[in-house]
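I have placed the structure first, in the form of structure tokens, so that the comments after it can refer back to it.
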Amino acid sequence: MPPPEGKAEDLCIWFITCFFFLLILSGGIFLVLYITQPEDDETGWFPIVGMALIAIPWIFWILTCLYRTIMPWYKSPPTEAVAAPVESQVCSPGEGRRVRFGETTVIGTQDVGDAVNGTAEGAAASDSSLGSHEREVPLALSI
């Protein structure tokens, strides 16, 4: 899922990128100082700190990849109460036919038979596919 566009997200990505760059750069500086400085008690901790600073972005990206891999299989239970389906009347008294598409209700008052057979529009419609029962046949899948 692509992130939504906006300056707040862009700034956050730039901040994290610069932070990881500074961690790697400072870890590299500690490793270079360990190599170039003579060995004594004061420089003994340089390689440990250098490797830890370089490892932090790697650990972050590995954990991010594990999270993105594991989370699609984890399905949390629904937190919202699911509304019970409402029985809609096919022919309500006095209003015509109702068809419910999700939250939208379409009310039609004109009978399909009257539209096809009784008017000039019905004569034109009888030649088209609107009057045919062919549109009710499912499409055949050809592979």
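Approximating the spin labels as points 7 Å out from Cα along Cα→Cβ, the ILE62-to-GLU39 distance works out to 2.7 nm. Annotation: extensible slack from ILE24 through GLU103 equals 23.1 nm (criterion: 0.36 nm per residue apart, minus Cα-Cα distance). Relative to the current alpha-carbon distance between VAL49 and THR17, full extension at 0.36 nm per residue lengthens the span by 9.5 nm.
Every number in this text was worked out from the coordinates using simple rules, so none of it is lab data. Source: prediction; values computed, not measured. A quick note on method: Cβ atoms are made from the backbone with ideal geometry, for glycine too, and the neighbour counts reach across all protein chains shown.
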